[in-house]
1. Look at the stretch 175-193 and say how many of its residues are part of a loop (DSSP other than H, G, I, E, B) and either without any contact (Cβ under 8 Å) to a residue 12 or more places away in the chain or within 15 Å of the ligand (Cβ to nearest atom) (or both).
2. Can you tell me which of (1) within 15 Å of the ligand (Cβ to nearest atom); (2) at pLDDT 95 or above is the one LEU145 doesn't meet?
3. Looking at (1) modelled with pLDDT under 95; (2) under 24 Å from ILE58 (Cα atoms); (3) buried (at least 19 other Cβ atoms within 10 Å of the Cβ), which one does ARG218 not meet, given that it meets all the others?
4. Please work out which one of (1) of a type in the set (S, T, N, Q); (2) farther than 16 Å from GLY93 by Cα; (3) open to solvent by 70 Å² or more (accessible area, probe 1.4 Å) is the condition THR209 fails and give its number.
5. Condition (residue is under 30 Å from THR209 (Cβ atoms) and touching a helix residue (DSSP H, G or I) at 6+ places or on another chain (Cβ under 9 Å)) applied to the stretch 36-55: is it met by at least one residue?
6. What tally of residues in the stretch 104-114 results from selecting those that are open to solvent by 40 Å² or more (accessible area, probe 1.4 Å) and within 13 Å of the ligand (Cβ to nearest atom)?
7. Just the residues that are part of a loop (DSSP other than H, G, I, E, B), within 12 Å of the ligand (Cβ to nearest atom) and at negative phi, please, taken from the stretch 194-210.
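The values are calculated or read from the model by the stated rules, or taken from the named source; none is laboratory data. Worth saying up front: this structure is predicted, and the values here are computed from it rather than measured. When we count neighbours, we look across all protein chains shown, and the Cβ atoms used for this are built from the backbone with ideal geometry, even at glycine. When the accessible area is computed, the model is the full protein with side chains, heavy atoms only, and any ligands, DNA or RNA have been set aside. Shrake-Rupley method; radii C 1.70, N 1.55, O 1.52, S 1.80 Å.
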Amino acid sequence: MGSIHLEAKIGDIAETVLVPGDPLRAKYVADNFLENAICYNNVRNMLGFTGTYKGKRISIQGTGMGMGSTAIYVNELIETYKVKQLIRVGTCGAIQKDLKVGEIILAMSASGDSGANMAYFNGFQYAATADFDLLFRAYQAAQQLNIPTIQGSIFSTDTFYDDDPHRWDKWKKHGILGVEMESQILFTIAKRLQAKALSILTVSDNIITGEAASSKEREQTFMGMMKIALELA
Ligand code: HPA
C-alpha cells in the first residue's frame with residue numbers, strides 16, 4: 001500500500017530523494033543521470049523514479065509548484081516511505097542586482113509568506129532553515145566539482161503574480177538572494193518529521209534587472225545543480 005498521492009510500494013523509494021517541482025525534470029534526470037531507474041509513481045502524472053548514481057541508491061520525485069502541493073509530497077515521502085534526506089532542486093528569481101542568471105544558491109534559510117507555515121505556529125514566525133550537514137556536504141561537493149555556489153537566504157512565496165513594484169524592497173535590503181515557491185514548507189515539515197532538507201536553486205531570472213536565462217544557459221546550469229545534489233545520496 002502506498003500513500004494517498006504516491007502509489008510506490010514501501011521500499012521503492014530511496015532514503016535520499018531529490019525533489020524538483022517539475023515531474024518532467026525528474027524524468028529527465030532519471031533518464032540521463034541514473035542507472036537502472038524505475039518509475040514508481042504515475043498518480044496525477046507526478047512522476048517519481050528510483051535508480052542509482054555512482055552506485056548509490058537515490059530517488060527523484062516531482063512535487064508540483066507551490067507550498068500546498070510540495071507539502072503533500074514531502075509529508076508522504078517522510079511519513080509513509082521513511083525518507084531521510086530531501087533535496088529540492090529548482091529555480092528562483094534573484095532579487096539582488098549582482099546575481100546573474102545561472103548562478104547556484106545553496107539556501108541556508110527560507111523566509112516566506114506561506115499560510116501553512118504561519119497557521120502551524122499560531123501566527124508566530126518559525127525560522128525555516130536547511131539542515132547544516134546537508135548544506136555543508138553540498139558545499140564540499142560543489143567545491144570538489146569546481147562549481148561555484150552562493151550560500152544565503154531565500155524567500156518562498158505563495159503568489160507568483162503580484163503587481164506591487166516595491167514588493168521585494170525590504171527583503172532585498174535584508175539580504176534575501178532570491179524568490180521561489182517551495183523551500184519554506186519543505187524545511188519546516190522535514191524538521192518536524194525528523195528528516196533533513198536542503199534547497200539548491202539556480203537563478204532562472206533576475207526580478208530586479210529583468211535578465212532571463214536563455215534555454216542553453218538553463219540547460220548548462222541545471223546540470224551543475226543536479227551534479228551537486230546527486231552527490232548527496
Ligand atoms: N517568483 C517565484 N518563483 C520563481 C520566480 C519568481 O520570480 N522565478 C523562478 N521561480
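1. 4
2. Of the numbered conditions (1) within 15 Å of the ligand (Cβ to nearest atom); (2) at pLDDT 95 or above, the odd one out for LEU145 is (1).
3. Evaluating ARG218 over (1) modelled with pLDDT under 95; (2) under 24 Å from ILE58 (Cα atoms); (3) buried (at least 19 other Cβ atoms within 10 Å of the Cβ) leaves (3) as the failure.
4. All conditions pass for THR209, except number (2).
5. no
6. Matching residues across the stretch 104-114 total 1.
7. Those that are part of a loop (DSSP other than H, G, I, E, B), within 12 Å of the ligand (Cβ to nearest atom) and at negative phi: ILE207, ILE208.
Every residue, every condition in (1) closer than 23 Å to ALA14 by Cβ; (2) of a type outside the set (Lys, Arg), yes or no:
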| position | (1), (2) |
| --- | --- |
| LEU86 | yes, yes |
| SER111 | no, yes |
| GLN125 | no, yes |
| ILE150 | no, yes |
| SER156 | no, yes |
| LYS170 | no, no |
